[in-house]
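Where a number appears in this text, it was derived from the coordinates with a stated rule and is not lab data. Source: prediction; values computed, not measured. Here the Cβ positions follow ideal geometry from the backbone for every residue, glycine too, while neighbour counts run over all protein chains shown.
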Amino acid sequence: MIDIKKSHIFFFILFIVVFSAQLFSWEYEESSLDLEGRVAMMASAGKWNPYVELKGTYHGDGQEFLYSSITAGTYFRAADWLKVGAFYRLQKGARHLEDWQFDAGPPDTHWWNDTSDRFENLMYFDATPRFLLPFIPGKNWVAPLKFRYFYNFTNGDHNMLIRPGLTYVIMPDRKPLLSLTFNYNLYFALNSGDIPLYSHGPYLSVLGHINDWMKLEGKISYRYSIYLKEDSGSWTLNSRRFTVGVGVIFTPAF
């Protein structure tokens, strides 16, 4: 038979545990419309593709700041279906998990630390196999699958981006006119945070082939991120960012 007194004590303890977990945990939401611009050069020199990029992003989330970066490196065509690359990036104004702060109060307040003057040094390595899909109607379909590993020398973070995608190239008279690409970004934290897959979202871009040495780019993307941390209780930040971007890409051949 069940001991009524013991069962009451058990449920009372369970109630206290659940209530305490709710009492000392906080959940926050943020969303923003971000504007991005970039200028890049992707040159061709045999099997090598030297690459340089300047990028800036304005985050309109109530505490505006500007992210900017310069990237330089090169891709190498290891096979007809595979490109690999190595790159250095200097970035300014990036935010990380430890930059988000909260005070349970009262009153309850939360904020991002000001990172607008912080510079960071990164290296990243890229491998992008590409598969032709001639069996799909239209024939000019390509499926790239990008793997990109980041190491941040400034804070020691290791991160991985995996990006499956699908590209359709409009080619009247066998010359590319437009490239339409749909990607899905998956961001993994390899040595930080509480959630390995901490961010993900779709990415749609349109690339206009103006001539052999210049391309114009438009893109829209959505990125959902989850930040979890325990600090005198636990908190969760759900971040939703919608980005609209434009770019100019120069493609000279040497």
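Selection among V206, T74, G138 by position relative to the dipole of the chain gives G138 as farthest towards the positive end (Cβ unit charges, Cα centre).
Dividing the summed -39500 (n - 2.57) terms of all DSSP H runs of n ≥ 4 by the residue count of the chain sets its mean residue ellipticity at 222 nm at -2500 deg cm²/dmol. Rounded to the nearest 20 debye, the dipole magnitude of the chain is 1380 debye, with +1 charges on Lys and Arg beta carbons, -1 on Asp and Glu beta carbons, and the Cα centre as origin.
In this label model, W111 and S68 are separated by 2.4 nm, measuring between points 7 Å along each Cα→Cβ vector.
Taking Cβ atoms as reference points and 10 Å as the exclusive limit, the residues near V84 contribute a net charge of +1, counting Lys and Arg as +1 and Asp and Glu as -1. Between the labelled values [x] -0.61, -0.83, -0.88; [y] -0.43, -0.71, -0.82; [z] -0.34, -0.63, -0.74, the entry that holds log10 I(q)/I(0) by the Debye sum over Cα atoms at q = 0.08, 0.11, 0.12 Å⁻¹ as derived from this structure is [y].
Exposure proxy ranking for S68, S199, based on other Cβ atoms within 10 angstrom of each Cβ and starting from the fewest, stands as S68, S199. Evaluating 6.51 cos²θ - 1.76 cosθ + 1.60 at θ = phi - 60° for every residue in the range 68-80, the Karplus couplings come out as 9, 7, 10, 10, 9, x, 8, 9, 9, 7, 6, 7, 4 Hz, glycine and proline recorded as x. The relative contact order of the chain comes to 18 percent, based on Cα pairs under 8 Å that sit 6 or more residues apart. The fewest-to-most ranking of D80, D126 by surrounding Cβ atoms within 10 Å reads D80, D126. What full-extension length gain, to one decimal in nm, is calculated for V52 and W81 as 0.36 nm per residue of separation minus the Cα-Cα distance? Separation in residues times 0.36 nm, less the Cα-Cα distance, equals 8.2 nm.
Using only Cα atoms and rounding to the nearest 10 degrees, what angle (0 to 90) does helix 4-23 make with the longest principal axis of the chain? Approximately 40 degrees, to the nearest 10. Distance from the alpha carbon centroid of the range 67-83 to that of the range 135-177 works out to 11 angstrom. Lysine pairs in the chain whose alpha-carbon atoms fall under 15 angstrom of each other, counting only those eight or more residues apart or on distinct chains, come to 6.
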